Amino acid sequence: MSSSISRRTFFQGAALAASATQVIGANDRIRLGIVGLGGRGTDHLRTYLTVSGGPITGLCDVNQAARETAQAAVMRANQPKAGEFNDMRKMFESKEVDAVSIATPNHWHALSAIWAAEAGKDVYVEKPASHNVYEGNRMVEVARKHNRMMQVGSQSRTIPHKRRALQLIKEGIIGEVYMAKALCFKRRKSIGKTPPKPVPPGIDWDLFLGPAPMREFTENRYKYNWHWFWDTGNGDIGNQGVHEMDIARWGLGDVRWPEAVESTGGKMIYDDDQETPNTQMATFRCAGNKMVVFEVRGLLTGPEGGLPVKGGNTVGNLFLGSEGWLWVDSSGFQVYKGEGNEQVLAEKGNDGPGTKMHMENFLAACRSRNYKELNAEIEIGAISAAWCHLANISYRAQQSLVWDASKGSFKNSAEANKMLTREYREPYAV
C-alpha cells in the first residue's frame, strides 16, 4: 500500500463504502476479494473457485507476478476478469467486493482485517488471527462495532472427525480431562543465510513490510521464511502450532485464558538467519487444576508415546483424562482406556476438504448475518493466537509469567507487557 494514502483519507473512503454496503441476503452471491496471493492465497483462490458462493472480483498482492498468475486462474475458471490491486485499501473501497479472504504474512492479518471490516466487508483471515495479543483484541472490537462476519482459518473447528472427537471428550469418554498436550513435531530444514539485495522488479517492499520495521530485502525475509523472523512471523508455535493450540483449548472446554505460562527452548544446531526457536516447550497452568503443554520440534525426532510418524512429522493433540486418553490428528482419532491401555474406539477422518467446508461455513454466516454461526469466529481465533503469543513472550523474556485475565496483562513483568503489542511503522498502525 502506498504510504501516500493517509489514514484520514482511507477511513473517510471506508466509511462511505461501509454505508453503501448492503446486507447480504440468503440467496445473494457474495463477491470475493483475496488479499495475498502466495502459497496459501493461491489455495484460497482455488478453493473459492470450487465453492458455490459468488465470483472472485478482487485480487490483491504486492507482487505483480502473483496478481497476474491469479488472474489467469480466474479466467481459466470462466469467470470475468477480476480487479487487480497493489494496495488492499483500494480493493476495500471497491463496491464490487462484498467480502475478503486474507492470506498475507502474519504481521498483516490484523490490520488488513480491521481495515476491511471498517470498509464494510466481511472477512475470512488466515491463522494466526493476529501477530500479537493487542491486535486480536482490536479485531474483536472492530468486528462487533461494524457487525462484520470475521472467520479465522482454524479449519479444525469445521472438520467432522475433529468435531466428533472433541464432542466425545466433552461427553466424558476419557473421564475428567486434566491435560491437553499439543504436538508440532514438524521437520524444518535450515533456511541458510541470504544477503541483502535490491528489491526484485514488481514487488512493493514497503507494502510487504507494512506494520513491521523497514528492513533490507533478503530472500529469507520474503517467501515463506518470513515465518521465522519476529518482525513478520511467530515461529512454528504460531504457524502450524496454532491449529493444535486451538484444539487444546477446545478440548479443555474452550478455556479462555491461562493463569500462568512458562516457555523455554532455542534455535538448536543450525547457524542461519532464523530468529524464532526450532525447539520449544510451553506449559500453561489453567483454572481447575488443569494444564496445557505445547511442544515444537523442528529437528529430527521420534514420535510421542509410540504414536505414528507421518512423513517425518507428528502433529496433533493428546488429551489425558481420569479414565484414559485420546489422540486426534489429520487422519482420525483413537481412544484408549483403563489400566491396560485398551483401544476402545478408532475413527478415520480426512481433513482434505476442511478448508473448503470452513469457507462454506463463512459464506453461510455472511448470508445469515449471525456471527455465532461461524465455527472459528474471531473471538475464538484471537484467543487461541494469544496463547501462542503468551508462550513466545515467556520465551523471549526468559521468565515464567503470571497472567491477569481481568486486566489483559502480566502481573509480574513490565518487560513482558511491552511485548503484548509492537511499535508500528506509520501509516500502518493498528
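What follows is calculated from the coordinates using simple rules that are stated; it is not laboratory data. Only a predicted model underlies this, so the values are computations on that prediction, with no experimental measurement involved. Neighbour counts run over all protein chains shown; Cβ positions are idealised from the backbone, glycine included.
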Query raised in the report: With point charges of +1 on the Cβ of Lys and Arg and -1 on the Cβ of Asp and Glu, referenced to the Cα centre of region 37-173, which listed residue (Q71, L168, T158) lies farthest in the positive direction of the dipole?
Result: L168
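Based on Cα coordinates alone, diagonalise the gyration tensor for region 311-430, multiply each eigenvalue by 5, take square roots, and list the semi-axes in whole Å, largest first. Before the final figure, lay out each step's value.
Values: eigenvalues 228, 133, 42 Å².
Output for region 311-430: semi-axes of 34, 26, 14 Å.
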Query - Charge dipole magnitude, Cβ of K and R +1, D and E -1 - region 63-104, Cα centre, debye nearest 20 - result: 80
Requested in this report: Measure out, as a whole number of angstrom, how far apart the alpha-carbon centroids of region 150-218 and region 342-394 sit.
Outcome: 13
Requested in this report: Using the structure shown, list the pairs from K90/K223; K81/K356; K186/K372 with a Cα-Cα distance above 29 Å, or answer none.
Outcome: K186/K372
**Report entry** About the Cα centre, charge dipole magnitude for the chain (Lys/Arg +1, Asp/Glu -1 at Cβ), debye
**Finding:** 540
Query raised in the report: What is the packing order of peptides 363-370, 147-154, 123-130, taking the mean over residues of other C-beta atoms within 10 Å and listing the highest first?
Result: 123-130, 147-154, 363-370
Query raised in the report: Between S112, V51, F294, whose Cα lies farthest towards the positive end of the dipole of the chain when Lys and Arg beta carbons carry +1 and Asp and Glu beta carbons carry -1, centred on the Cα centre?
Result: V51
Report task. Using only the Cα atoms of region 112-247, each taken as one equal point scatterer with no solvent, compute I(q) by the Debye sum, divide by I(0), and report log10 of the ratio at q = 0.13, 0.15, 0.18 Å⁻¹. Result -> -0.77, -0.96, -1.17
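Report the FRET efficiency, 1/(1 + (r/R0)^6), for Q64 and Y424, where r is their Cβ-Cβ distance and R0 is 35 Å, rounded to 0.05. Walk me through the numbers on the way to the answer.
On the way: r = 26 Å, r/R0 = 0.75.
The pair Q64/Y424 has a calculated efficiency of 0.85.
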Query raised in the report: Using the alpha-carbon atoms, what tilt in degrees (0 to 90, nearest 10) does helix 241-251 show relative to the longest principal axis of the chain?
Result: 60
Report summary line: Two pseudo-spin positions, 7 Å from Cα along C-beta at A414 and at M214, lie apart in nanometres by 3.1
Query raised in the report: Among I383, Q240, S368, which residue has its Cα positioned farthest towards the positive end of the charge dipole of the chain, with +1 placed on the Cβ of Lys and Arg, -1 on the Cβ of Asp and Glu, and the dipole taken about the Cα centre?
Result: S368
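How much length would be gained if the chain were fully extended between L345 and E171, taking 0.36 nm per residue of separation minus their Cα-Cα distance, in nm to one decimal? Let's see the in-between values first.
Working: separation 174, 0.36 × 174 = 62.64 nm, distance 1.45 nm.
Going from the current span to full extension adds 61.2 nm.
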**Report entry** For region 188-238, average projected area of the Cα convex hull in nm²
**Finding:** 3.9
Query - Only Lys, Arg (+1) and Asp, Glu (-1) charged, at Cβ; region 105-257 dipole about Cα centre in debye - result: 440
Report summary line: The helix 133-145 Cα axis meets the longest alpha-carbon principal axis of the chain at an angle in degrees, between 0 and 90 and rounded to 10, of 60
Query raised in the report: What percent antiparallel are the DSSP beta bridges of the chain, to the nearest 5?
Result: 65
